[in-house]
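Trainee: If you scroll down you'll find the structure; I have some questions about it.
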Amino acid sequence: MRNSIWDPTAKTAAESAAESWRARPAAQQPEWPDADELRSVTAGLEKSPPLVFAAECDLLRRRMAAVARGEAVLLQGGDCAETFAGTTTDGIHGKLKTLLQMAAVLTHAAALPVVKIGRMAGQYAKPRSQNQEHRDGVTLPSYRGDAVNGLEFTAASRRPDPQRLRKMYEASTTTLNLVRALTTGGFADLSQVHAWNRGFVADSHVGEQYEELADEIDRSLAFMKACGVDTRELGTAEFFVGHEGLLLDYEAALTRTEAESGRTYATSAHLLWIGERTRDLDGAHVEYFSRIDNPIAVKLGPTTSPDTVLGLLDRLDPDRDPGRLTFVVRAGAERIRDLLPTLVEKVNAEGAQVCWVSDPMHGNTITAASGHKTRRFDAILDEVRGFVEVHDALGSHPGGIHVELTGDDVTECVGGGNAVLAEELHHRYETACDPRLNHTQSLDLAFRLARMYRE
Ligand code: PEP
Ligand code: MN
């Protein structure tokens with residue numbers, strides 16, 4: 001049964017919103033072996049409760065409008081690919097803790113609110129540049145995320161299974177439930193978060209250099225306390241979730257029209273983004289995203305032309321509504337300083353106020369001698385620095401970062417303060433897809449970004 005606030009009679013708006021994409025080419029969709037089984041799974045999802053509500057999506061849109069105006073900063077992070085097996089208390093707890101720690105540092109340094117979005121509770125589908133994977137003379141379909149098939153390299157596991165869409169919904173629900181409990185149940189208390197950061201500064205070699213900033217935060221907290229502010233009242237963190245809106249059958253099945261406003265929302269997450277490989281202006285993804293009222297984002301890679309950006313603006317933000325559209329630039333450290341200025345200038349000339357966010361991960365992926373896909377911490381930092389420099393030069397706002405990270409002590413990216421060496425990648429290389437920053441590297445990045453916002 002649909003929740004009564006979602007209008008069961010507003011079929012026309014909801015259906016056209018959810019279905020118009022079907023007339024367009026949809027890139028990166030799985031080849032489901034059984035269309036009837038897919039329909040039966042999506043029919044079940046259509047009757048299932050939404051994961052998020054319209055008012056929450058509207059609130060995030062207002063928060064993103066503040067980012068667009070230069071009055072807030074965005075921090076988005078989480079796994080490249082969440083997995084069903086990774087839906088554990090420790091895993092979710094670790095990512096959330098890392099993001100809250102990063103946010104505390106950034107809030108203080110930028111002296112602006114930090115809008116926090118987990119790349120969580122729905123990040124189960126992956127676009128792939130190769131349809132097939134070859135190993136030791138065996139060729140099988142590529143892994144496309146737990147929403148589609150299994151990571152294990154066997155024919156049975158790599159076969160797309162529509163029942164996984166139901167599991168994606170359930171894993172998202174479980175994750176979101178814990179995220180909501182932790183962010184409202186005292187875990188996010190600012191003094192507590194700062195105490196964790198103090199631990200990082202005291203216990204790790206890399207943290208030492210951030211002592212001064214941590215001392216300043218101590219003094220700010222003491223000042224707030226002296227003024228009678230009880231930081232336990234700040235124990236509730238506003239936290240949103242988002243994922244790549246890749247699998248349109250899944251997203252369409254969870255699209256709802258709100259009775260009161262007549263507005264239509266993807267209810268699988270607060271924010272959805274379109275990936276670099278699916279942002280074709282005439283394609284199904286842009287069409288679907290043009291019909292939903294959530295805040296949305298689009299990834300922009302190194303070859304993005306100004307015309308493409310203006311086309312996306314017209315299709316996805318025709319009303320030039322601040323907070324509606326975020327451009328997540330992932331040009332690579334080498335390209336960012338050349339590419340970004342023109343794109344920002346063209347968008348400004350249109351009178352649009354979008355959020356500009358840096359994804360310093362996806363343009364900096366390399367293969368190590370050991371064969372591991374990895375990223376150098378220095379390249380990641382250099383792309384973020386380039387992104388901030390360009391905005392400073394243009395007088396526009398560097399809206400924030402979108403990163404792949406985990407709370408665990410993995411060895412997937414090389415470098416950072418407690419440097420992970422290329423020879424050590426195999427120690428704890430656990431990602432199901434792209435290499436993530438570990439807990440220490442994530443905090444290191446946050447402290448360094450904090451300095452950039454200060455300068
Ligand atoms: C991702 O975010 O994991 C991803 C595939 O990014 P992009 O679309 O930018 O390549
Ligand atoms: Mn990735």
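Read-outs: derived from the displayed coordinates by stated rules, not from any lab. The structure displayed is predicted, hence computed values, not measured ones. Here the Cβ positions follow ideal geometry from the backbone for every residue, glycine too, while neighbour counts run over all protein chains shown.
Trainee: So how strong a dipole does the chain carry about its Cα centre when Lys and Arg Cβ are +1 and Asp and Glu Cβ are -1, to the nearest 20 debye?
Mentor: Values: 50 positive and 66 negative charges, 118 e Å.
Its charge dipole is roughly 560 debye.
Trainee: Would you mind giving the three semi-axes, in whole Å and largest first, of the ellipsoid equivalent to the stretch 121-174 according to its Cα gyration tensor?
Mentor: On the way: eigenvalues 105, 24, 11 Å².
Working from the Cα gyration tensor, I get semi-axes of 23, 11, 8 Å.
Trainee: Continuing with this model, one more query. ALA222 to SER20: extension gain in nm, 0.36 nm per residue of separation minus the Cα-Cα distance? It would help to have the intermediate numbers written out before the result.
Mentor: Details: separation 202, 0.36 × 202 = 72.72 nm, distance 5.52 nm.
Here the answer is 67.2 nm.
Trainee: What percentages, rounded to whole numbers, describe P(r) for the chain computed over all alpha carbon pairs with 10 Å bin width beginning at zero?
Mentor: Each 10 Å bin holds this share of Cα pairs: 4, 21, 32, 27, 13, 2, 0.
Trainee: What net charge do the residues around TYR453 carry, taking every other residue with its C-beta under 13 Å from that of TYR453, with Lys and Arg at +1 and Asp and Glu at -1? Numbers along the way, then the final one.
Mentor: Working: positive: ARG385, ARG448, ARG451, ARG454; negative: GLU389, ASP392, GLU455.
Taking every Cβ under 13 Å from that of TYR453, the sum is +1.
Trainee: Still on this structure, please answer the following. Run the numbers for LEU394 and SER305: contour at 0.36 nm per residue of separation, minus the present Cα-Cα distance, in nm. Spell out each step's value before the answer.
Mentor: Numbers: separation 89, 0.36 × 89 = 32.04 nm, distance 1.87 nm.
Here the answer is 30.2 nm.
Trainee: Moving to a separate point now. Where Lys and Arg each count +1 and Asp and Glu each count -1, what net charge lies around VAL41 among other residues with Cβ under 14 Å from its Cβ?
Mentor: Values: positive: ARG39, LYS47, ARG164, ARG166, LYS167; negative: ASP34, ASP36, GLU37, GLU46, ASP161, GLU170, ASP249, GLU251.
Spelling it out: positives minus negatives among the neighbours equals -3.
Trainee: Once you treat every alpha carbon in the stretch 92-181 as an equal point and sum by Debye, what is log10 I(q)/I(0) at q = 0.14, 0.17, 0.19 Å⁻¹?
Mentor: -0.67, -0.81, -0.89
Trainee: Using modelled backbone amide H atoms (1.01 Å from N, in-plane), which distant-in-sequence or interchain residues come within less than 5 Å of THR326's amide H?
Mentor: So THR326 has HN proximity to ILE296, ALA297, VAL298, CYS355.
Trainee: Okay, moving on. Provide the per-residue ³J(HN,Hα) series for the stretch 188-201, in order, calculated from phi with Karplus coefficients 6.51, -1.76, 1.60 and θ = phi - 60°, each as a whole number of Hz, with x at glycine and proline positions.
Mentor: 8, 3, 4, 5, 5, 4, 5, 4, 4, 5, 4, x, 4, 5
Trainee: Please list log₁₀ I(q)/I(0) at q = 0.14, 0.27 Å⁻¹ for the stretch 408-455, using the Debye equation with identical point scatterers on the alpha-carbon positions.
Mentor: Results for the stretch 408-455 at q = 0.14, 0.27 Å⁻¹ read -0.36, -0.95.
Trainee: Next question. Work out from phi, with θ = phi - 60° and the Karplus expression 6.51 cos²θ - 1.76 cosθ + 1.60, the ³J(HN,Hα) of each residue of the stretch 71-77, listed in order in whole Hz, and give x for Gly and Pro.
Mentor: In residue order, the calculated couplings are 9, 7, 10, 9, 10, 10, x Hz.
Trainee: Could you pull out every residue, at least 5 positions away or on a different chain, whose amide H is within less than 5 Å of the one on GLY407? Hs are placed 1.01 Å off N in the peptide plane, and Pro or chain starts have none.
Mentor: Result for GLY407 returns LYS95.
Trainee: Right, here's the next one. At a 10 Å Cβ-Cβ cut-off, how would you order ASP434, ASP314, fewest neighbours first? Intermediate results must be reported in sequence, preceding the final value.
Mentor: Values: ASP434 18, ASP314 14.
Arranged by neighbour count, lowest to highest, ASP434, ASP314 become ASP314, ASP434.
Trainee: Add +1 for every Lys or Arg and -1 for every Asp or Glu among the other residues with Cβ under 13 Å from the Cβ of ALA202, and state the total.
Mentor: Values: positive: ARG198; negative: ASP203, GLU208, GLU211, ASP215, ASP218.
Surrounding charge for ALA202 is -4.
Trainee: Let me ask you something else. For the chain, what relative contact order do you get, as a whole percent, if you take Cα pairs closer than 8 Å and at least 6 residues apart? Mind showing how you got there, number by number?
Mentor: Numbers: 899 pairs, mean separation 100.4, N = 455.
Relative CO of the chain lands at 22 percent.
Trainee: What are the aspartates and glutamates whose alpha-carbon lies under 13 Å from the alpha-carbon of LYS126, with same-chain residues fewer than 8 places away excluded?
Mentor: Qualifying aspartates and glutamates at Cα under 13 Å: ASP79, GLU82, ASP146, GLU244, GLU276, ASP434.
Trainee: Moving to a separate point now. Say the dipole of the chain comes from +1 at the beta carbon of Lys and Arg and -1 at that of Asp and Glu; which of ALA369, GLY94, GLY242 then lies farthest toward its positive end?
Mentor: Towards the positive end, the residue furthest out is GLY242.
Trainee: Could you go through the stretch 38-45 in sequence order and give the Karplus-derived ³J(HN,Hα) for each residue, using 6.51 cos²θ - 1.76 cosθ + 1.60 with θ = phi - 60°, rounded to whole Hz, and x for Gly and Pro?
Mentor: Residue by residue, the stretch 38-45 yields 4, 4, 5, 5, 5, 4, x, 5 Hz.
Trainee: Same structure, new question: Running Debye on the stretch 143-271 with equal point scatterers at the Cα sites and no solvent, what base-10 log of I(q)/I(0) appears at q = 0.11, 0.20 Å⁻¹?
Mentor: Debye output, listed in q order: -0.68, -1.09.
Trainee: Normalized C-alpha radius of gyration of the stretch 331-412, against 2.2 N^0.38 Å?
Mentor: On the way: Rg = 14.6 Å, N = 82, 2.2 N^0.38 = 11.7 Å.
The value comes to 1.24.
Trainee: Further question: Of VAL328, SER191, MET224, which is farthest along the charge dipole of the chain in the positive direction, counting Lys and Arg as +1 and Asp and Glu as -1 at C-beta?
Mentor: VAL328
Trainee: If you take all C-alpha pairs in the stretch 244-368, what percent of them are over 23 Å apart?
Mentor: 32 percent
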